[in-house]
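First comes the structure, then the notes that go with it.
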Amino acid sequence: MVSNFFKKKMKELDNLTIQTKLQMVGVGGVALTLIILISVNVWQNAIFSRETIVDIEYLYNEDLDHITEGVYNLVHALDEAIRKRINDNLKVAHYVLNQNGLIGLSSQQIEWQAVNQFTRDTVSVTLPKMVLGDNWIGQNYDFDKKTPVVDDVTKLVGGTAAIFQRINERGDMLRVATDVKKLDGQRAIGSFIPAIDPDPIGKSLPTSHPGGTPNPVVSALMRGEVYRGLSYVVNDWYLTAYEPIFDNNGGVIGALYIGITQESISTLREAILDVKVGKTGYVFVLEGKGEARGSYIISRNGERDGENIWDSQDADGLFFIQSIVSKAIVLKEGEFATERYAWQNPKELEPRWKITRIAYYEPWNWVIGVSAYEDDFQEAFARLKKRELRMILILTLVGTLLTLCIGYFTWIIAKGILAPLVQLGQAATCLSVGDFSQKIRFEGHGEMATLFGSFHRMSDYLIVRNERIQRISNGDLRTDLTLDPDHDAIGSGLSQIIENLREWVRIAARNSQDLRNASLMLSEAVQDIREAAKTDTRISLILSKRGKGTEKAAQLIEGVIREMNLLAKNAATQLADKFSREIREKSEMVDVRKMLAQANRRVENISEAIVHMEKSARYLVQMINEATIQTESNQKISTDDQALLENPLGRITEATESISRSAETFRHIVGQFKLPTDDSKEDFQ
């Protein structure tokens, strides 16, 4: 079925002109190439887009990881720097403390209203005075009055400083000297750090551990170790260092404190706020553990710092902040987690998918989040698609223009090729009907020049042959049609026909002469009979004497006519056979057909003349026989019998004259042929 379809289409193509086919090849080839190129381009672009999307997503995730790792490392580096600073500050504080005398407890007692810094519960305690050398540190709540050691340390290195006194065996630590400010603007002396953290009471009481657990600061001090890390001081979180103070027996009687508030790390804060993730992404920091979990430490542009968003939900009702914090606090150093959620800002019309890479810096209890909207990097996909579409459109436009240009040039080239071919076809058409007046010209080289040269040679050959054929058709049998004996099969065939015709004309010429002689002989015999009848009275004797000559002449005429009739038939048959075998199979030239048709007509004319003579001869013989029979019964010729004899003689004379006229016609027809030699001319005299 498919093959039949293609065969049908190929037949339809056969009906198209050469110019149309050339244009189809030129334009179709370019168009097919363009379609293939565009298809391959679209196919490869689709593959490239998929691979690019994968690569962009990978790079995007890698970028999130790098940013998250960078922020984590930045915090860690700053933490290390702060730790070093705190350690240095602690050394300065230790030096200042030693410069103020040996710290210890006096025998004098002083009452304190101790306030739990977490629960704000107050308890009255009486403790020995803590002295520096012989000087009591005092109970100074006023920043306008100087407190020894702590003010000197703060003046030298900044930050905050404090001296703690142990309250009881559990290790509760009371601030007896500090420059940490309470909310009312006074020094925060009289507040204490409980050895056991209380159960949380409300969100206003943040703690680093669940209720009922040992306080890490106090635990480290009671072990005689220096505590370094994040701790809650009075009403805020600080990066701190606590060094135990021992008595002469090595027992812990208090602690020396150095701290830096997290909010005072302005450089780190500004650095984090300046980080841009994608187009609209940002970095944020949340509290991880404790009652303040889910609270902003650093928010976008600092607009929501301190706000607790623990119960925040995304557009699908997911508590994504709880999920983020829960994933973060179990991470180890160098590990990251991911949270994806739909987030809608207050001024936005619809939620947008957001992805957050999560890290946890445990020393500071920081949940670091690097967040970005997915449509930020999808804009890169959109730009990529737009560029691909633009490239396809440009390729299509260029291909279309190229197709039009090539189509135009193909039309010009096809026209240039077809014009001489059309001219050649017109000339060939004229040649096919015998018109040799058409002249064609072609200036150039190559195959077309060869074709035109061959056509010119063929045309010249046909013109020469046409002239010779014309002479032959006019009866000039001396003309030779064979121009190239080695290759001219048609000319050789026609030459054979002409040669046969020449031979036939020669024989016909000789026979026409014999017919002429027989006619003369018959005429003389009839004339002798007439003369003899005037003196001889017996018809039988006259016919006996003269009838034999007449009969002989009639028989001669009849024999010649039969021979000529047979010769004419043979000539016509040979002419027809040659025409069918040599001409129709090998050529359709009009002039050759005309020549043969004319020769055939002449042979037919000869045949008609011969047939007429044959009828006349038979009539003559019949008349002679009738005359003989009529006169055999009469021995003498009377006057009445002469009239009886004159009737058959008249008929004989009439028949003889008819034969003479036919013979003359035959001689005239045969005489129109010109033979190659002059000897044949005598036959027509």
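No value in this document is a laboratory result; all are computed from the given coordinates. Please read all numbers here as calculations on a predicted model, not as lab measurements. Ideal geometry is used to build each Cβ from the backbone, glycine not excepted, and the neighbour counts take in all protein chains shown.
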Cβ neighbours within 10 Å, averaged per peptide: list 461-468, 172-179 in order, most packed at the top. 172-179, 461-468
Using alpha carbons only, how many angstrom separate the centre of the stretch 46-96 from the centre of the stretch 215-231? 28
Measuring from label point to label point, each 7 Å out along Cα→Cβ, what is the residue 88 to residue 499 span in nm? 13.3
Would you mind computing, in nm to one decimal, how far apart the modelled labels at residue 304 and residue 398 are, each placed 7 Å from Cα along Cα→Cβ? 5.0
Extension length gain for residue 405 and residue 381 (0.36 nm per residue less Cα distance), in nm, is 5.1 nm
Tell me which trypsin sites (Lys or Arg not before Pro) from the stretch 340-419 have a DSSP coil assignment and no more than 10 other beta carbons within 10 Å of their own. 347
If the chain between residue 353 and residue 183 were fully extended at 0.36 nm per residue, the gain over the current Cα-Cα distance would be 57.1 nm
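Kindly state, to the nearest 0.05, the FRET efficiency for residue 318 paired with residue 374, given R0 = 22 Å and r defined as their beta-carbon distance. Working shown, then result.
Working: r = 16 Å, r/R0 = 0.72.
Once the sixth-power term is evaluated, E becomes 0.90.
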Could you calculate the FRET efficiency of residue 279 with residue 340 from 1/(1 + (r/R0)^6), where r is the beta carbon distance between them and R0 is 25 Å, rounded to 0.05? 0.90
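By how many nm would the segment from residue 433 to residue 136 grow when fully extended, if each residue of separation counts as 0.36 nm and the alpha-carbon distance is taken off?
So the extension gain works out to 92.3 nm.
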Spacing of the two label points (7 Å from each Cα toward its C-beta) at residue 100 and residue 54, in nm: 6.8
Taking r as the C-beta separation of residue 46 and residue 25 and R0 as 45 Å, the FRET efficiency to the nearest 0.05 is 0.90
I need the shape label for the stretch 89-264. Rule: rounded when a/c is under 1.5, else prolate if a/b > b/c, else oblate, with a, b, c from the alpha carbon gyration tensor. rounded
